[in-house]
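Every read-out reported here was derived from the displayed coordinates using simple, explicitly stated rules and does not represent laboratory data. Small disclaimer: the values here were computed from a predicted structure and weren't measured. Heads up, the Cβs are rebuilt from the backbone with ideal geometry, glycines too, and the neighbour counts pull from every protein chain shown.
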Amino acid sequence: MKILAIETSCDETAISIVNFKSKKTFELLSDSVLSQIEIHKKYGGVFPALAKREHVNNIFPLLLASLKKAGLLEKRKNPPDKVGSKILKKLEKVLDRDENNLENIIHLLKTYKKPKLDALAVTYGPGLEMALWTGFNIARALSLIWKVELIPVNHMEGHIYSSLIKKESGKNFAVEKPQYPALALLISGGHTELLLIKKEGQYQKIGQTLDDAVGEAYDKSARLLDIAYPGGPEISKLAENFKKKGATASLSLPRPMLNKNNFDFSFSGLKTAVLYLVREQKKINQKFKEELAGEFENAVAEVLVKKSFKAIKKYGIKSLIIGGGVSANDRLRREFSTLAKKENFKLFLPHKKYTGDNALMIALAGYFSFKNNKYKKNVKKVEGNLEL
Ligand code: KG4
Ligand code: ZN
């Protein structure tokens, strides 16, 4: 089953084309991510109107390039002068906010044959609504002109599947199978949550952040140290330097909600504590930054590891799946790996290439929800606050 997947929920425009052989293996025909990080850096975060503009400008060229790379772009021998009025009306309705792409889609329909695709998967939430609409509307338009099924995908479910991707050789990949009950720890710029998964595709949220997400705490703390957005990777580097030196931190940060008898998190207090330490400090030099970053990661790791482990014990968890941008963090990867070995559960971490937003994970989540007949039909709008 060939699926073309589109992801535009935040600051990455991504398209993947995947040929699924079964639930266990697939061939990756094309996989592209256009990052807008450089554009948003100046603003200290993702600026929604700018994100939308970039998605709108980039998505069609990326679509053509992806189809071409997958060997699915074939010109018509006798291109028609115009398209039927019925389909045109439908397209005008779907792409009414995006005239350029209306023209682009009409051009695609007139110039190229229908590619051999079986379905489209697209992120319809959660994320920035302005950004989500671009990918969602293009996907709807494509499903109209090609007459293929549209599978709306939850971005966070995508992050879960990103951890199950295993590269074999060349274009060939395997999908790893967790043992159930499994636990998913999703840690990104917008989310921090623990989900209990009793069986494939069935999610029950058992805990979440009450305020900031972990990634947000990283980014906000980084900003207090004059580190550009997104600050997570840089804080992580500083912390790793501190760790290498083998010193223990002389300053201390709180471990929010660590001893609360639930699975919720809170990270805004951590950021505020960073703010106070930065204010008190006379000289913000490299040594201070490294020490602060080191202690910041001590706090984050302790809270995430201990809370996850509490859930692992309570629910008899056999597999822990970690996903989302913050899962790129080396400290967390090490600590969870050590815990998994010691406590004898299986750990699934995404390959570093797939920790951030990408469309391959959307293709996977789409394929599994199609196979399990668990996807919503006739979705007509995006949902910025969509829950799993
Ligand atoms: O999943 P993602 O790419 O986008 C969202 O859906 O939010 O996550 C982005 C977040 C940002 O907050 C970024 O600072 C954080 O992931 N991040 C990291 C690292 N790499 C990215 N945080 C800690 N350590 C890292 N190495
Ligand atoms: Zn994400």
Among DSSP beta bridges whose residues both lie in the range 178-349, state the antiparallel percentage, nearest 5. 55
I'd like the antiparallel share, as a percent to the nearest 5, of DSSP beta bridges with both residues in the range 102-239. 75
Taking the simple approach of a point 7 Å from Cα along Cα-to-Cβ for both N261 and K86, what is their distance in nm? 6.4
Quick check on packing: order 299-306, 2-9, 165-172 by the mean number of other C-beta atoms within 10 Å, highest mean leading. 2-9, 299-306, 165-172
Approximate spin-label separation K282-K113, in nm, with each point projected 7 Å along Cα-to-Cβ: 7.6
What order do you get for 98-107, 223-232 when each peptide is scored by the mean count of other beta carbon atoms within 10 Å, highest first? 223-232, 98-107
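Figure the gain on full extension for E103 and K371 (residue separation times 0.36 nm, minus the Cα-Cα span) and round it to one decimal in nm.
93.1 nm
Between Rg and the Kirkwood Rh of the range 178-349, both from Cα atoms, what is the Rg to Rh ratio?
0.98
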Straight-line reach from K243: which aspartates and glutamates have Cα under 18 Å away, leaving out those fewer than 8 places along the same chain? E234, E290, E291, E295, E297, E302, D330, E335
Dividing the mean separation of Cα pairs under 8 Å (6+ apart) by the residue count of the chain yields a relative contact order in percent of 23
Convex hull (Cα only) mean projected area of the chain, reported in nm² to one decimal: 19.6
For the chain, size of Cβ-based charge dipole, Lys and Arg +1, Asp and Glu -1, in debye: 1260
Order the peptides 216-222, 45-51, 326-332 from the highest to the lowest mean number of other Cβ atoms within 10 Å of their residues. 216-222, 326-332, 45-51
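Per the Kirkwood formula on distinct C-alpha pairs, the Rh of the range 41-100 is how many angstrom?
14.7
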Just to be sure I understand the rule: take each whole DSSP H helix in the chain, project its Cα atoms onto its long axis, keep it if the span is 24 Å or more and its mean Kyte-Doolittle hydropathy is at least -0.5. Which ones pass? 48-69, 129-146, 286-314
If R0 is 25 Å, what FRET efficiency do you get for K310 and K199 from their C-beta distance, rounded to 0.05? 0.70
Between their Cα atoms, which of K41/K306; K260/K289; K171/K381; K244/K283; K310/K346; K314/K342 are more than 26 Å away from each other? K41/K306; K260/K289; K171/K381
